[in-house]
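Remarks on the structure that follows.
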Amino acid sequence: TDPEKIQLGDGAEKKGTRVRVFGRVHRERRQKEVMFVTLRDGYGFMQVILQGDLAKTYDALTLTRETSMEILGELREVPAGAHAPNNRELHADYYVIHAGGKAAGGDDAITNRVSKDTEHATLLDLRHLTLRGENASKVMIVRDAVEFAFNTVYKELRMRKVSPPALVQTQVEGGATLFKFQYYTEEAYLTQSSQLYLETCLPSMGDVYCIEKSFRAEKSLTRRHLSEYSHIEAELDFITFDDLLNHLEHVMCRVLEVTMSDPTIKQYILDLNPEFQMPERPFKRMKYSEAIDWLVEHNIPNEEGHPHKFGDDIAEAAERRMTDIINRPIFLTHFPTEIKAFYMQRDPQDPRVTESVDCLMPGVGEIVGGSMRMYDYEELMAAFAREGIDPKPYYWYTDQRKYGSSPHGGYGLGLERFLAWLCKQHTVRDCCLYPRYFGRCKP
Ligand code: 4AD
Ligand code: MG
């Protein structure tokens, strides 16, 4: 009978027994009589030792990286002083090369075409292969864990998950970044945010969230803009602005806690980001007007090269410098009405500004945008007029304000940006499977 099949990260209790494993050659190294093969299967790595005749076959002598193998043998503790993943090695007594032989490209495909200084664009052309790299795969595995943690935490809060449409006829975040397309005989867009749909779910489902794709035609190349990104959005009913900030802080910290509670995931995060520390609570809270003063004091100019003044957009570079210097999460609040979206509720104390929040993280800058929503019908209609948006296609959104309106608010978090911060990646492009951005729609 065949020994039990185990995954490469498993089998801690199987030392001394015979097992069967499957995987691809991650690395191989030959000594005179012995061959060391590191096998990879997405769950872990295992060092395999081929000795004697097994190391001398034609297949063994010409083995290339990425070849798929099935190996049977005995699992043993590694000798003192030697290093191997999980401190064990598989002493093979039998192996088969799967799928008709050695990997076609073999070493050539992985090592020669993708070296340390290969251009990022080339690496992305070869994303289907570079995904097999240790860092790239760790980021993707952490991503899976983080998404799961958001679901877990939202369930702890009794929130309901919904799935709003991606094909829409309304904008949320401004016409400049809309992807338009022909929808049969009409014009339609790819959604920029599910927010308006989430708002319509409050009366029937209570607090809701979604994890969907959002699309933005961002015609600039930055390290934090994608054309297609994963958007984690939530909407909460009968809350104050302070409730919104406290909820957001709780969700972010609890998600980190849940994510880090898996030892493998925690290790991956620390491998990628050795200095990672849980953020201190409470997060620093800073009003937009205070940020403007801070930028002036620190001689960080606006986009035109002048000192910042009230009403300026805080652009990506200035925002990131400020966040890096302060070096902890910041809730930046109360942005002026003019630079924010039409739906944001004004601050009752100061109608020049909105009850809005961006959460900024060191290394990335904005990873969350949220606000209280305008819930008065007349005020909302005036906001549409101010922005020059025709309210007709929004009847389903404005009706909300006629049939039991309520103080409510929510936010959207960019999953790739959250990961870029958590895993200390230079760009969000390395935090999604196959990134889409200006100039790239493949592979
Ligand atoms: O600040 P944004 O545009 O806010 C909204 O879309 C709200 N309607 C969300 C809501 O309240 N439900 O986007 C929210 C977040 C940003 O903070 C950022 O993390 C991410 O989405 N994001 C992007 N991520 C990658 N590439 C882009 N082009 C992004 N645009 C926004
Ligand atoms: Mg924003």
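The values are calculated or read from the model by the stated rules, or taken from the named source; none is laboratory data. Not measured: the values here are computed from a predicted model. With ideal geometry, Cβ positions are generated from the backbone for all residues, glycine too; neighbour counts draw on all protein chains shown.
Below, the figures for the structure above:
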| quantity | calculated |
| --- | --- |
| Test: residue in the range 420-439 that is under 30 Å from V142 (Cα atoms) and in contact with a strand residue (DSSP E or B) (Cβ under 6 Å, 6 or more places away or on another chain) | yes |
| Criterion violated by L196 - all others in (1) within 22 Å of D390 (Cα to Cα); (2) without any contact (Cβ under 8 Å) to a residue 60 or more places away in the chain; (3) among the hydrophobic types (A, V, I, L, M, F, W, C) satisfied | (2) |
| Complete set of residues in the range 345-368 that are surrounded by fewer than 21 Cβ atoms within 10 Å (Cβ to Cβ) and near ligand 1 (Cβ under 9 Å from one of its atoms) | E366 |
| Verdict on M278 being surrounded by fewer than 18 Cβ atoms within 10 Å (Cβ to Cβ) and more than 22 Å from H225 (Cβ to Cβ) | yes |
| Filtered residues of the range 141-179 (kept if among the basic types (K, R) and surrounded by 12 or more Cβ atoms within 10 Å (Cβ to Cβ)) | R143, K155, R160, K161 |
| Condition check for E387: modelled with pLDDT under 95 and touching a Phe, Trp or Tyr at 6+ places or on another chain (Cβ under 6 Å) | yes |
| Residue in the range 204-219 that is modelled with pLDDT of 95 or more, surrounded by fewer than 17 Cβ atoms within 10 Å (Cβ to Cβ), part of a loop (DSSP other than H, G, I, E, B) and within 16 Å of ligand 2 (Cβ to nearest atom) present | yes |
| One residue from Y434, Y411 being at negative phi, within 13 Å of ligand 1 (Cβ to nearest atom) and of a type in the set (S, T, Y) | Y411 |
| Given (1) within 16 Å of ligand 1 (Cβ to nearest atom); (2) touching a Lys or Arg at 6+ places or on another chain (Cβ under 7 Å), index of the condition I300 fails | (1) |
| 1 or more residues within 25 Å of E156 (Cα to Cα) and within 25 Å of the chain's Cα centre (by Cα): qualifying helices (runs of 4 or more DSSP H) within the range 245-348 | 263-272 |
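So that you can scan it fast, the table gives a plain yes or no per residue for (1) farther than 19 Å from T264 by Cα; (2) of a type in the set (F, W, Y); (3) touching a Lys or Arg at 6+ places or on another chain (Cβ under 9 Å); (4) part of a strand (DSSP E or B):
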| position | (1), (2), (3), (4) |
| --- | --- |
| V21 | yes, no, yes, yes |
| R24 | yes, no, yes, yes |
| M35 | yes, no, yes, yes |
| V48 | yes, no, no, yes |
| L54 | yes, no, no, no |
| I71 | yes, no, yes, yes |
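Per-residue answers, yes or no, for (1) over 29 Å from N273 (Cα atoms); (2) modelled with pLDDT under 95:
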| site | (1), (2) |
| --- | --- |
| P407 | yes, no |
| G412 | no, no |
| L419 | no, no |
| C423 | no, no |
| V428 | no, no |
| G439 | yes, yes |
